[in-house]
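Data block below; observations after.
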Amino acid sequence: MHKECTQGNMNTPNLNLGHPCFSTKGHGNTGRIHLAVAPGCNISCNYCVRKFDCANESRPGVTSRVQTSEEALETVLKAKASDIGSKLTVVGIAGPGEPLANKATFETMRGVKRNFPEMILCLSTNGLLLPEKIAELVDIGVSHVTVTLNTLDEQVGAKIYSYVRWKGETLIGPDAARILINNQLEGIKLAAEAGMTLKINTVLIPGVNDQLLYSLGMEIKKRGAHIHNIMPLIPQGKLAHIIAPTKEQLADGRDSLGAILPQMKHCQQCRADAIGLL
């Protein structure tokens with residue numbers, strides 16, 4: 001079971017090996033394959049836009065096309081046979097929607113584990129379904145999980161999320177944010193107890209969630225997170241009017257929270273179909 005340690009996580013893995021998105025250095029020696037098999041989503045983030053794609057842009061939620069599980073396995077086979085195939089160590093599912101809300105995620109992960117057992121399996125999630133899906137993820141062999149957690153405050157959450165679909169209902173406002181936040185925190189704790197390596201993504205939104213990040217950092221450390229990734233807002237969607245954080249604001253946030261958890265500073269906010277080295 002997970003035990004709190006004031007000096008850091010007692011089960012902290014080596015964050016500089018194996019998985020480039022969980023490395024504190026992003027040295028480019030290892031790569032990843034993102035499989036875009038999960039189009040459906042169960043929440044609406046006000047900074048998320050998935051309506052268009054440009055091959056030259058990189059941002060979460062973007063993919064040229066959604067693949068079937070069979071097509072995704074073929075993608076892994078081709079990538080492993082390419083010039084950089086020996087450096088591709090990770091298969092992840094990060095969208096373009098919410099992986100845990102799509103049956104194809106689990107079908108694809110099982111197929112990858114069966115055909116490419118040497119590959120590290122990871123996924124990114126908003127955390128809403130994480131508590132109820134932990135057992136299945138453990139059974140498949142998923143070892144790395146990223147949870148996007150933007151705030152612990154339900155009033156702030158109401159400004160970040162338009163709605164949350166939960167148990168057949170569409171919730172809005174603080175009630176929606178409360179359900180999401182509670183599930184995110186519980187899912188992080190359960191994933192840590194299951195022995196998974198955990199990264200928390202937090203989108204820095206100036207004037208919205210930038211004043212409450214230290215308490216968030218303390219809470220995710222207590223729950224068992226291993227590394228924290230403060231990401232700059234990409235102004236779009238309903239938050240297009242907010243100016244993105246400056247490099248100085250981003251650095252200040254990372255420096256402050258670096259006293260709590262290791263900080264990922266090389267995130268490229270990748271597409272849902274990204275393949276290659278960071």
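The values are calculated or read from the model by the stated rules, or taken from the named source; none is laboratory data. On a predicted model such as this, the values are computed, not experimentally measured, just so you know. For neighbour counting, all protein chains shown are included, and Cβ atoms are generated from backbone atoms with ideal geometry for every residue, glycine included. Heads up: the accessible areas ignore ligands, DNA and RNA and are worked out on the full protein's heavy atoms, side chains in. Shrake-Rupley method; radii C 1.70, N 1.55, O 1.52, S 1.80 Å.
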Accessible surface of GLU248 - all protein chains present, 1.4 Å probe, nearest 10 Å²: 120
How many nm is it between the label spots at ASP175 and LEU212, if each spot is 7 Å from the Cα in line with the beta carbon? 1.9
Taking the Cβ of ASP252 as the center, what net charge do the other residues with Cβ under 14 Å away carry, scoring Lys and Arg +1 and Asp and Glu -1? 0
For LYS199, solvent-accessible area (1.4 Å; no DNA, RNA or ligand), Å²: 10
Over the range 138-278, what portion of Cα pair distances is larger than 20 Å, expressed as a whole percent? 51
Lysines whose Cα lies under 29 Å from that of LYS189, excluding same-chain neighbours fewer than 8 positions away: LYS3, LYS25, LYS103, LYS113, LYS133, LYS159, LYS167, LYS199, LYS221, LYS222, LYS265
Any chance you could get the radius of gyration and Dmax over the Cα atoms of the range 31-268, in Å? 17.3, 50
Ordering GLU219, GLU70 from largest to smallest accessible area (1.4 angstrom probe), what's the sequence? GLU70, GLU219
Whole Å is fine, so just give me how far the alpha carbon centre of the range 182-247 lies from that of the range 88-144. 20
Solution diffusion estimate, µm²/s, Stokes-Einstein, the range 101-184, Kirkwood Rh from C-alpha pairs, 20 °C, viscosity 1.002 mPa s: 152
